[in-house]
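**Student:** Mind looking over this structure? Questions follow.
The values are calculated or read from the model by the stated rules, or taken from the named source; none is laboratory data. Nothing here was measured: the structure is a model prediction, and the numbers come from that model. Virtual Cβ from ideal backbone geometry, glycine too; neighbours counted across all protein chains shown.
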């Protein structure tokens, strides 16, 4: 889709019009926080991550979900809107390869909105993120703060449904195989099994 065909928000209704737009840090139809377009929101927050935390309570689910990738970990941990045990089941299986693991050891203390997966120093999460994005069109959150360059994040908040989450987990598992990153086999299968047991017919 070209910029000419992309959805365009009304800039006059944007509270950031006089600052961000004037500074060239957004572009109607391409990088826009108020457009109902995941691509435009992601591009905006990639350039302007300082706005992510304020989006965590936004009414638009996709804006909230994308903001999780860029908001401070401390802010994300305070949220408790959506749980996704399916993601944690997959990560627990992958961790059997001794390279991947949860950044929070205690299960009860883990965030209900994002799962942060740390990688051993011998492997680069950037390579995994690049493969997922360039080969499969899936954008994973980056490790931030003290986890910069050591982790990736899987967002699972808002109206994220089973096909979306299983697609993300499947892409990660494809990347783990393609990049020869040691991991326990069957993480996505464990997520499928969990959902099959808990999503009513």
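**Student:** Considering segment 167-191 alone, what residues qualify as being within 15 Å of residue 85 (Cα to Cα) and surrounded by fewer than 18 Cβ atoms within 10 Å (Cβ to Cβ)?
**Tutor:** The first filter runs over segment 167-191 and keeps only residues within 15 Å of residue 85 (Cα to Cα), leaving 168-169, 187-191.
Correct list: 189 only.
**Student:** Counting just the residues of segment 43-81 that are modelled with pLDDT under 80 and in contact with a strand residue (DSSP E or B) (Cβ under 6 Å, 6 or more places away or on another chain), which one comes out farthest from residue 30 (Cα to Cα)?
**Tutor:** 76
**Student:** Mind checking which residues of segment 138-165 are under 14 Å from the mean Cα position of the chain (by Cα), surrounded by fewer than 18 Cβ atoms within 10 Å (Cβ to Cβ), touching a residue at least 12 places away in the same chain (Cβ under 8 Å) and over 17 Å from residue 118 (Cα atoms)?
**Tutor:** Within segment 138-165, 159 is the sole residue that qualifies.
Matching residues to (1) in a loop (DSSP other than H, G, I, E, B); (2) outside the structural domain of residue 109 (by TED's automatic domain parsing); (3) touching a residue at least 40 places away in the same chain (Cβ under 8 Å):
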site: 23; (1), (2), (3): yes, yes, no
site: 34; (1), (2), (3): yes, yes, no
site: 41; (1), (2), (3): no, yes, no
site: 51; (1), (2), (3): no, yes, no
site: 64; (1), (2), (3): no, yes, yes
site: 69; (1), (2), (3): no, yes, yes
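**Student:** What single numbered condition from (1) at pLDDT 85 or above; (2) within 19 Å of residue 173 (Cβ to Cβ) fails to hold for residue 121?
**Tutor:** For residue 121, the failing item is (2).
**Student:** Run residue 165 past the list (1) touching a strand residue (DSSP E or B) at 6+ places or on another chain (Cβ under 9 Å); (2) outside any helix (DSSP H, G or I) and report the number of the one that doesn't hold.
**Tutor:** Just one mismatch for residue 165, condition (2).
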